[in-house]
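After the structure tokens below, expect a handful of questions from me.
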Amino acid sequence: MAAPLSAEVLNDDVAVSLACVIAAANKRARQLNVDVSQSLITITQLGDDGPNWRVNYGPKDYIGRRGGDLVLDVDAGDASIKRVLRGQ
């Protein structure tokens, strides 16, 4: 689903950073056999050691389920994956 981005969006540093981060995270998630389209995706900003984002992929039907999430820590500067955590 491609959509043209307005100049306002392209000039928003956080929006562009998040777009790069989620694209990198989605690519890694797919490599790890996660069905991205069937996941509930949450994103949390981390500020411990620079601007980073934590992207969590969990099941959409999470009620009564435990574990199984994929958690990726992504560097906001270069969209590199810093950490991969798998839930049990």
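Among G68, V84, A19, which residue has its Cα positioned farthest towards the positive end of the charge dipole of the chain, with +1 placed on the Cβ of Lys and Arg, -1 on the Cβ of Asp and Glu, and the dipole taken about the Cα centre?
G68
Quick one: work out the % antiparallel among DSSP beta bridges in the range 9-86, nearest 5.
100
Could you compute the longest span of the chain free of trypsin sites (Lys or Arg not before Pro) located in DSSP loops and having at most 15 other Cβ atoms within 10 Å, not counting the site residues?
The segment 1-59 is the longest one with no such site.
How many times 2.2 N^0.38 Å is the alpha carbon radius of gyration of the chain?
Scaled against compact globular proteins, the figure is 1.15.
Only helical DSSP H runs with n ≥ 4 go in: add -39500 (n - 2.57) per run for the chain, normalise by residue count and round the 222 nm mean residue ellipticity to 500 deg cm²/dmol.
-8000 deg cm²/dmol
I would also like to ask the following. Between D13 and T42, what's the calculated FRET efficiency when r is the beta-carbon distance and R0 is 30 Å? Round to 0.05.
0.90
With each pseudo-label sitting 7 Å past Cα toward Cβ, what's the L32-R83 distance in nm, one decimal?
1.2
Here, each number is a calculation from the coordinates, and none is a lab measurement. Model, not experiment: these values are computed from the prediction. A quick note on method: Cβ atoms are made from the backbone with ideal geometry, for glycine too, and the neighbour counts reach across all protein chains shown.
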